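K.L.:
Input: one structure, supplied below.
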Amino acid sequence: MTQAHASKPYVLVLYYSRHGKTAELAKLIARGVEQTGMDVRIRTVPPVSPDTDSSLPAVPEDGAVYCSQDDLRHCAGLLMGSPTRFGNMAAPLKYFIDSTSGLWLSGALADKPAGVFTSTSSLHGGQESTLLTMALPLLHHGMVFAGLPYKNAELSETSTGGTPYGMSHWAGANNDQRLSDHEKALCLAQGKRVAILAKALLQEG
Ligand SMILES: Cc1cc2nc3c(=O)[nH]c(=O)nc-3n(C[C@H](O)[C@H](O)[C@H](O)COP(=O)(O)O)c2cc1C
């Protein structure tokens with residue numbers, strides 16, 4: 001089993017967010033990780049456009065810093081989030097994932113737990129397709145995919161976001177709906193779950 005880096009183990013919360021909603025989920029999920037005593041590292045990825053490479057600043061103006069290959073390589077677990085774009089993850093995150101073939105070749109992420117999360121403007125606008133397709137590259141990396149079990153009562157009670165495949169938020173047509181109490185509780189639960197799995201798998205390794 002691939003070991004995390006020699007420094008203190010951490011769960012990586014990696015996300016892209018254009019308008020802040022996926023970032024809100026990421027913060028709560030990170031808090032769930034921390035509630036287990038596990039360290040957390042929050043990272044984002046740059047936007048992409050045809051002139052991406054020449055126009056980007058090396059560091060973002062605010063918020064989380066950009067994820068490096070080493071941030072990903074050395075994590076003990078991963079929580080990856082993206083807004084839904086046409087029922088799929090957003091291009092900036094996919095662009096970053098597509099740069100990780102070196103990690104795939106070395107098996108750096110194999111046997112580490114991973115979960116996914118998303119935000120959408122419409123309730124039935126593709127949350128589940130986004131979450132399931134986000135899982136695919138992580139499975140190729142050999143990660144142990146962790147959803148959200150129904151023992152979290154909020155999953156049965158929610159009338160907005162939250163799925164067994166991972167956390168989701170229904171942000172509304174103007175992307176301005178607040179996270180519901182159910183969504184908040186499920187974010188914490190997802191962070192905790194991946195952190196607990198990361199600790200257990202580290203001990204196995
Ligand atoms: C190009 C594009 C495609 C989108 N596709 C969908 C979609 O398929 N389903 C949906 O419900 N919302 C869709 N949205 C809306 C975003 O998923 C939604 O506003 C999300 O909450 C934004 O997250 P953010 O605040 O983290 O950027 C799309 C937005 C853009 C810009």
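K.L.:
Could you order PHE86, PHE117 so the one with the most accessible surface comes first? Probe is 1.4 Å.
P.N.:
Ranking PHE86, PHE117 by accessible area, largest first, yields PHE86, PHE117.
K.L.:
Moving on. Tell me, what is the 1.4 Å probe accessible area of VAL59, in Å² to the nearest 10?
P.N.:
Here the residue's solvent-accessible area equals roughly 100 Å².
K.L.:
Rounded, prolate or oblate: which fits segment 50-158, taking a ≥ b ≥ c as square roots of the Cα gyration tensor eigenvalues, rounded meaning a/c under 1.5, else prolate when a/b beats b/c?
P.N.:
oblate
K.L.:
Give or take rounding to whole Å, what are the principal axis extents of the alpha carbon atoms in segment 155-198, in descending order?
P.N.:
36, 19, 17
K.L.:
Just subtract the alpha-carbon distance of SER7 and ARG178 from 0.36 nm times their residue separation and send over the number in nm, one decimal.
P.N.:
Additional length available on full extension: 57.9 nm.
K.L.:
Moving on. Which residues does the label zone of GLN69 cover in segment 75-117, counting backbone N under 14 Å from a point 7 Å along Cα→Cβ?
P.N.:
Taking a point 7 Å out along Cα→Cβ of GLN69, the residues of segment 75-117 whose backbone N falls under 14 Å are 96-109.
K.L.:
Taking a probe of 1.4 Å, how large is the accessible area per residue of the chain, in Å²?
P.N.:
48 Å²
K.L.:
Which value, in Å² and to the nearest 10, is the accessible area of ASP39 when all protein chains are kept and the probe is 1.4 Å?
P.N.:
ASP39 has an accessible surface of roughly 60 Å² with all protein chains in place.
K.L.:
Same structure again: Could you tell me which of rounded, prolate or oblate describes segment 22-106, using a ≥ b ≥ c as the square roots of the eigenvalues of the alpha-carbon gyration tensor, with rounded for a/c under 1.5 and, failing that, prolate when a/b is larger than b/c and oblate otherwise?
P.N.:
prolate
K.L.:
So if the hydrodynamic radius of the chain is defined as the Kirkwood radius over C-alpha pairs, what does Stokes-Einstein give as its diffusion coefficient at 37 °C and 0.692 mPa s, in µm² per second?
P.N.:
The diffusion coefficient I find is 196 µm²/s.
K.L.:
Along segment 72-81, what does the Karplus equation 6.51 cos²θ - 1.76 cosθ + 1.60 (θ = phi - 60°) give for ³J(HN,Hα), rounded to whole Hz, x for Gly and Pro?
P.N.:
6, 3, 9, 5, 8, x, 9, 10, 10, x
K.L.:
So how much accessible area does LEU136 have, in Å² to the nearest 10, using a 1.4 Å probe?
P.N.:
Per-residue accessible area (LEU136): approximately 90 Å².
K.L.:
Right, next: Using a 1.4 Å probe over the heavy atoms of the protein chains, calculate the carbon and sulfur portion of the accessible area of the chain as a whole percent.
P.N.:
The computed percentage sits at 53.
K.L.:
Give the distance, in whole Å, between the Cα centre of segment 158-195 and the Cα centre of segment 68-141.
P.N.:
17 Å
K.L.:
Could you please report the charge total around ALA91, scoring K, R as +1 and D, E as -1 over all other residues with beta-carbon less than 12 angstrom from its beta-carbon?
P.N.:
Here the charged neighbours net out to +2.
K.L.:
List the relative contact order of the chain as a percent without decimals, with contacts defined as Cα pairs under 8 Å and 6+ residues apart.
P.N.:
27 percent.
K.L.:
In the structure shown, do any of LYS21/LYS184; LYS8/LYS184; LYS8/LYS151; LYS112/LYS184; LYS94/LYS184 have a Cα-Cα gap over 21 Å, and if so which?
P.N.:
Too far apart for the 21 Å limit: LYS8/LYS184; LYS8/LYS151; LYS112/LYS184; LYS94/LYS184.
K.L.:
A further question follows. Given a 1.4 Å probe and heavy atoms of the protein chains only, how would you sort TYR150, TYR10, TYR66, largest accessible area at the top?
P.N.:
Largest to smallest exposure gives the sequence TYR150, TYR66, TYR10.
K.L.:
While we're here: What FRET efficiency comes out for the pair LEU123/PHE145, r = Cβ-Cβ distance, R0 = 30 Å, nearest 0.05?
P.N.:
0.80
The values are calculated or read from the model by the stated rules, or taken from the named source; none is laboratory data. Bear in mind the structure is a predicted one, so any value in this text is a computation, not a measurement. Cβ coordinates were reconstructed from backbone atoms using ideal geometry, including for glycine residues, and neighbour counts include every protein chain displayed. Side chains included, ligands, DNA and RNA excluded: accessible areas come from the protein's heavy atoms. Shrake-Rupley method; radii C 1.70, N 1.55, O 1.52, S 1.80 Å.
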